[in-house]
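To start, the structure under review is shown below, and the notes come after it.
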């Protein structure tokens with residue numbers, strides 16, 4: 001089975017270490033569910049260790065990076081979950097829906113196999129509060145193209161609660177907008193490898209050159225002075241919870 005992360009997933013487990021504060025919010029949304037399906041599980045980030053977790057992941061590369069002792073993994077896709085109806089107390093998916101070929105079908109499959117909550121960590125494509133978009137305006141189009149709007153979830157899952165997921169300034173998970181107070185991180189090609197968006201963008205170099213110049217001159221710090229002492233920030237990440 002071919003999958004995007006067979007190519008870009010090399011060293012992913014080291015670059016994308018779960019942040020415990022985000023994990024706590026996600027795990028609270030699972031309620032008292034004891035059996036949990038993690039769809040698009042990757043190397044196992046954010047899987048609760050105090051519950052019976054089954055991982056579903058299309059990429060053999062990502063499955064190979066799962067630590068010893070982690071939840072058992074089944075290779076497969078969100079659009080065709082190889083489980084019977086109501087097999088799990090809950091289903092979760094973390095920053096993965098933008099990789100699904102049929103997002104509506106994937107959500108329907110999660111709803112089908114879960115007796116209780118369906119929980120997704122995702123990104124609001126209408127969000128415009130990221131300074132990174134000034135350096136790579138292509139991100140706006142990319143987010144709009146690959147991320148479902150928030151009303152999409154209610155159409156396909158029924159009533160949902162949507163929570164803002166604050167991103168700590170020292171977030172240990174290297175997703176796209178995690179380095180909002182550490183701009184120099186984007187100049188590191190290894191760190192950029194941890195974000196699938198940078199694999200998809202065309203014309204990255206111009207933004208990198210401008211960011212490097214603005215860091216040297218102090219322009220970035222002056223333009224973003226309000227961020228320098230902030231502990232957390234809304235960077236557009238949302239938790240979608242269908243009970």
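Numerical summary
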| item | result |
| --- | --- |
| Helix-only mean residue ellipticity at 222 nm for the chain, each DSSP H run of n ≥ 4 adding -39500 (n - 2.57), per residue, nearest 500 | -8500 deg cm²/dmol |
| Degrees separating the helix 20-29 axis from the principal Cα axis of the chain, which is the longest one | 40 |
| Per-q log10 I(q)/I(0), the range 147-235, q = 0.12, 0.25, 0.26 Å⁻¹ (Debye; single scatterer per alpha-carbon; no solvent) | -0.50, -1.28, -1.31 |
| Cα→Cβ-extended label distance, 7 Å offset, between residue 154 and residue 182, nm | 3.6 |
| Folded to 0 to 90 degrees: helix 204-217 orientation relative to the chain principal axis, Cα | 50 |
| Antiparallel %, DSSP beta bridges [both residues in the chain], to 5 | 45 |
| Fraction in percent of alpha-carbon pairs per bin - 5 Å, the range 106-188 | 3, 11, 21, 19, 18, 13, 9, 5, 1 |
| Segment residue 190-residue 134, extension gain: residue separation times 0.36 nm, minus the distance between their alpha carbons | 18.0 nm |
| Length-normalised contact order of the chain in % [C-alpha pairs under 8 Å, at least 6 apart] | 22 |
| C-alpha long axis of helix 103-113 to longest principal axis of the chain, angle in ° | 40 |
| Virtual spin-label span in nm between residue 115 and residue 199, 7 Å along Cα→Cβ | 3.6 |
| Projected area, mean over directions - the chain, Cα convex hull, nm² | 12.3 |
| Paramagnetic reach from residue 104 (point 7 Å along Cα→Cβ, amide N under 16 Å) across the range 64-86 | 79-80 |
| Neighbour-count ranking [beta-carbon atoms within 10 angstrom, fewest first] of 92, 147, 110 | 147, 110, 92 |
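Taken together, the values in this text are just the output of simple stated rules run on the coordinates, not laboratory data. This is a predicted model, so every value here is computed, not measured. Heads up, the Cβs are rebuilt from the backbone with ideal geometry, glycines too, and the neighbour counts pull from every protein chain shown.
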